[in-house]
1. Contact order normalised by length for the chain, with contacts defined as Cα pairs under 8 Å and 6 or more residues apart; what percent is it?
2. Just to check, using Stokes-Einstein with a Kirkwood Rh over alpha carbon pairs, what's the diffusion coefficient of the chain at 10 °C and 1.306 mPa s in µm²/s?
3. Considering only the chain, what is the antiparallel percent among its DSSP beta bridges, to the nearest 5?
4. In terms of Cα to Cα distance under 20 Å, which aspartates and glutamates are near enough to Lys254, apart from those fewer than 8 places away along the same chain?
5. What is the set of long-range amide H partners of Phe118 at a cut-off below 5 Å, with H atoms built 1.01 Å from backbone N?
6. What order do you get for 137-147, 66-76, 260-270 when each peptide is scored by the mean count of other beta carbon atoms within 10 Å, highest first?
7. Just to be sure I follow: if Rg is taken over the C-alpha atoms of region 57-133 and Rh is the Kirkwood radius over the same atoms, what is Rg/Rh?
8. Give the whole-number value, in cubic angstrom per residue, of the convex hull volume spanned by the C-alpha atoms of region 71-215.
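Please treat every number below as a calculation from the coordinates, not as lab data. Values in this document were obtained by computation on a predicted structure and should not be read as measured data. Neighbour counts are summed over all protein chains in view; Cβ atoms, including those assigned to glycine, are modelled from backbone coordinates with ideal geometry.
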Amino acid sequence: MYSPVVASLRCPLCHGGMSAVAAGSGAALRCASGHSFDVAKQGYVNLASPAPAYPGDSAQMVEARIRFLAAGHYRFIAQAVAGAAAALCDAGAAGLAVEAGAGTGYYLAAILDALPGFAGLALDVSKAALRRASRAHQRCGAALCDVWRELPVKDGAAQIVLSIFAPRNGDEFRRILAGDSVFIVVTPTASHLAELVGSLGLLSVDPNKDEAVATSLEDRFSRVSQQRHESVLRLSHLEVAALVGMGPSAWHIKPEEFDARIGALPEVVQVTASVDVTTYGVRSSLDCQ
Ligand SMILES: C[S@@+](CC[C@H](N)C(=O)[O-])C[C@H]1O[C@@H](n2cnc3c(N)ncnc32)[C@H](O)[C@@H]1O
Ligand SMILES: [Zn+2]
């Protein structure tokens, strides 16, 4: 695992720092007290203790996400996130960007491309997602943990935390962020995928979500900026299926029912993607190191 990432991790059992060691034919991370965590051959380390009750996105959902993101439909979101980070950090800044609920690491990779001095840590509870995230970028590492519990990251180790369509644990994000640092949140707006919400019966976005998100974070962070980013996507039926398959609606409606509803759509489906990118600072002066 990329050594600056290892240096930012802490043992989930005793909170001690971790070092990479050889373990049989593979590798492990070990703390000074001797707690040892194997690095999976796919490159991520499982630092969840206790084991999470919830497995996160399934392999099928992750495959759908990989297909959909690879087609570039959400590139405008990645550009917005990377632009927001670059606007708040000097071009030569160095540090660690942590994405909580990172999925495949698509957005984290965009940040690492924009900020060459940064290392990236992808946290997720889904093994299928982490297999992909650990390879998302050469300066990236990946760890399995439950974002709702203590994160296996040292106090103040991160200069950037990202939460993109993912759970937000404000207390832990605040703990791992350094003094002058940036927290970037991407949330869907009420217009996000609205055409599919109607025609396919997807889960709709709670219109009070933005306020709920802001309220839950404002004790620990001050809002620096918020920008809405929208794009009208033109999707084939296969792409609509991938978009549906990568989200929570995949759990609520039977696949054959979705297939029938998608089959009834026009050949090219116009769908609005609409998100708010909000940046928060731990303090009002924001220059990453
Ligand atoms: C909607 S996906 C977003 C993934 C990525 N941020 C993106 O936008 O491509 C949400 C991700 O959060 C992960 N997740 C959900 N609950 C989690 C938890 N309690 N701890 C860690 N990861 C979690 C899921 O496995 C999934 O990969
Ligand atoms: Zn330990």
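1. Numbers: 620 pairs, mean separation 56.8, N = 289.
Once divided by the residue count of the chain, the mean separation gives 20 percent.
2. Values: Rh = 19.5 Å.
The Stokes-Einstein estimate is 81 µm²/s.
3. Details: 33 of 56 bridges.
If I count the DSSP bridges inside the chain, around 60 percent turn out antiparallel.
4. Asp57, Glu63, Glu195, Glu239
5. Under 5 Å from the amide H of Phe118: Gly95.
6. Values: 137-147: 22.9, 66-76: 16.6, 260-270: 12.5.
Most protected by this proxy first, the peptides run 137-147, 66-76, 260-270.
7. Rg divided by Rh gives 1.00.
8. Details: hull volume 17.8 nm³, N = 145.
In region 71-215, the Cα convex hull volume per residue is 123 Å³.
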